[in-house]
Each structure stands twice: as C-alpha cells, then as structure tokens.
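Below you'll find the structure, written out as structure tokens, and then a few comments.
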Amino acid sequence: MKYFILVLVLAALTFADDDGCTEIGSGPGSTLPGSDDITLVLVNDWVLAEKALGLDIFDGVYILGADNNLDIVQAYDAATCAPLGSLPLDGGNGSCFGVAWNNDATNDTYYTDDWQSSNLFFTDDFGSTWSTYPSPAGTNARGMDFDGTDYWTTNGDGGGLWRFQPGVGEQNIAIPEIPTQPSGVTVFPNGSNVGVAVTAYGTLNIYFYDWNGSTLSFIGSAPCPASGVSSSYGLAYSEGNGNIFWSYNDGSSYHIAEFSFDLVSLEQSSWGAIKTSF
C-alpha cells in the first residue's frame with residue numbers, strides 16, 4: 001500500500017510539472033555557440049509563484065502567460081511582473097501552452113492552443129465563453145503570436161513553424177537550425193519585414209529569423225541571457241520598449257525575464273567594411 005501511494009504521489013508531481021516537452025531523456029538544457037552579430041542583454045529577471053509557458057504582451061502593459069496547472073492565463077505588470085488578474089481557460093484546454101492577443105484593445109480576442117488537443121481556442125469575452133478552430137499544428141502547437149495579419153505557432157513535436165489565419169489557411173515553414181523541440185515564438189518589426197524569434201525546450205539559445213512575406217531567412221542565434229536555465233519556454237516582444245520577455249525554468253522555479261536585443265545585419269556589416277577599404 002505504501003508503494004502504491006508513493007507511485008501516486010510521484011505521478012501527481014510529474015503531472016504538476018508537465019510542460020509539454022516530449023523529447024525522450026530531456027534533462028537540463030545545453031547552450032550552443034551563438035552568432036557574433038546578435039547581442040542579448042538581461043534587463044530584469046523575476047521568480048514566479050506559478051508557471052508561465054507561452055507568453056504574449058497586451059498593449060505593451062501586461063505580460064500574459066499560460067498555466068496549465070491552474071487552467072488560467074495569468075496577467076502580469078510588464079514593469080514589475082506583479083500578478084494582476086487571470087483569464088479562465090476552456091475546460092478542454094487543460095494542456096494550454098501558447099496564448100496570443102489580436103492586438104485590438106477595443107475588441108480584444110485571445111487565442112490559446114493545447115499540446116494534447118487538436119483545437120485552437122478563442123474568446124472575445126475574456127473567458128466567459130470559448131469557441132474553437134482546428135489547430136494548424138494539431139496537438140503539436142506550443143507558443144503563439146500575432147503579427148497584425150497572421151498568427152504564428154511553433155510545431156513543438158515535428159519542428160518548424162506554422163503561419164496561419166484561424167479557420168482560413170495555414171503554411172508550415174521549416175526551421176532546421178533548431179536541433180531540439182521548439183517551444184516559444186514571438187514576432188517583432190524588422191525593418192519593413194517581420195522578425196521572428198523562437199526558443200526551444202532544451203537548446204538554450206534564442207533563434208532569430210526574417211520573414212519578407214514569402215521567405216523565412218535565418219538571421220542567427222544567441223545563448224539565452226540567464227544562467228542556470230533548465231527549460232526554455234515562451235517569448236513575447238513588447239512594442240512599448242522594444243524588449244523581449246522570456247519565460248523559463250531553473251529546475252525548481254519558473255521565471256519571466258526581460259532582455260534587450262540587437263541584431264546586426266551581416267550584409268550591412270560587410271558593406272561597411274567594403275566602403276572603409278577604399
């Protein structure tokens with residue numbers, strides 16, 4: 001009987017820490033060498049009382065993070081990371097990872113995904129009622145973000161990204177530069193194009209891409225800007241200050257961190273060197 005109770009306790013603890021990672025033998029993450037032309041600088045790092053998986057930013061003021069233990073999307077003050085309120089998830093969204101806001105503060109709609117359901121959930125009344133679309137990534141979706149036209153989600157088991165419009169159409173895009181299971185994704189302005197940043201559970205780098213409307217080009221990567229990271233989760237770009245918020249686990253606690261980033265174009269650097277050589 002004691003053995004049976006111990007098994008139940010261990011099973012409960014395993015479920016409580018479930019973050020959707022399906023890589024066999026996944027343990028503490030590893031860092032790969034980054035690109036010389038990408039700089040990440042840690043600005044803030046907060047320890048949380050709950051988990052925050054996929055992230056988003058509401059109106060530059062609130063950080064949104066999914067907690068599949070509490071079945072909520074928690075909102076945090078973007079300046080202090082103090083918890084402010086929460087959005088209740090649909091009963092079928094028990095393995096929520098990604099959350100994305102539609103960038104409309106007047107008619108706000110929130111989308112969430114799920115790594116055990118093939119549904120994409122959405123609400124326009126702050127969680128009082130939920131409806132669904134088929135998820136483009138099936139049960140493989142993890143992080144999510146909206147660029148003003150298209151939504152993006154990582155394909156957390158098969159790799160790659162999905163660019164989609166709910167109920168309209170989708171496109172799968174390979175990201176072979178990431179050697180392990182992708183988790184979080186965020187989009188940001190990159191000149192006249194859309195920049196895309198992706199993180200992975202076990203490879204502790206942030207990967208940067210450029211989307212020109214038809215082609216996704218790899219820019220480079222940089223090590224995650226914190227030490228002691230075990231698993232890397234969500235990303236969210238803030239138009240308010242131009243920084244990225246990032247969630248991770250250090251093996252015992254969940255964190256939300258904020259970092260600034262600088263991407264130096266190789267083409268621009270090479271052209272500058274050519275000009276100075278004359």
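Here are the numbers:
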{"quantity": "Residues of the range 72-116 classified as hydroxyl-bearing (Ser, Thr, Tyr) and open to solvent by 20 Å² or more (accessible area, probe 1.4 Å), total", "calculated": "5"}
{"quantity": "Count of residues meeting criterion [at positive phi and open to solvent by less than 50 Å² (accessible area, probe 1.4 Å)] in the range 214-250", "calculated": "2"}
{"quantity": "The lone exception for Asn69 - which of (1) closer than 30 Å to Asp104 by Cβ; (2) surrounded by 15 or more Cβ atoms within 10 Å (Cβ to Cβ) it fails", "calculated": "(2)"}
{"quantity": "Every residue from the range 16-69 that is acidic (Asp, Glu) and either part of a loop (DSSP other than H, G, I, E, B) or modelled with pLDDT under 80 (or both)", "calculated": "Asp17, Asp18, Asp19, Glu23, Asp36, Asp37, Glu50, Asp59"}
{"quantity": "Unmet requirement for Ser117, which otherwise passes all of (1) touching a Gly at 6+ places or on another chain (Cβ under 7 Å); (2) in a strand (DSSP E or B)", "calculated": "(2)"}
{"quantity": "Test result for Thr132, open to solvent by 40 Å² or more (accessible area, probe 1.4 Å) and touching a strand residue (DSSP E or B) at 6+ places or on another chain (Cβ under 6 Å)", "calculated": "yes"}
{"quantity": "Strands (runs of 3 or more DSSP E) (entirely within the range 127-202) containing at least 1 residues that are of a type in the set (Phe, Trp, Tyr)", "calculated": "131-134, 141-146, 151-155, 161-165, 182-190"}
{"quantity": "The lone exception for Asp150 - which of (1) modelled with pLDDT under 95; (2) of a type in the set (D, E, K, R); (3) under 20 Å from Ser131 (Cβ atoms) it fails", "calculated": "(1)"}
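The values are calculated or read from the model by the stated rules, or taken from the named source; none is laboratory data. None of the values given here were measured: they were computed from a predicted structure. Reconstructed Cβ throughout: ideal geometry from the backbone, glycine too, with neighbour counts over all protein chains shown. Areas reflect the complete protein model, heavy atoms only, side chains present, ligands, DNA and RNA absent. Shrake-Rupley method; radii C 1.70, N 1.55, O 1.52, S 1.80 Å.
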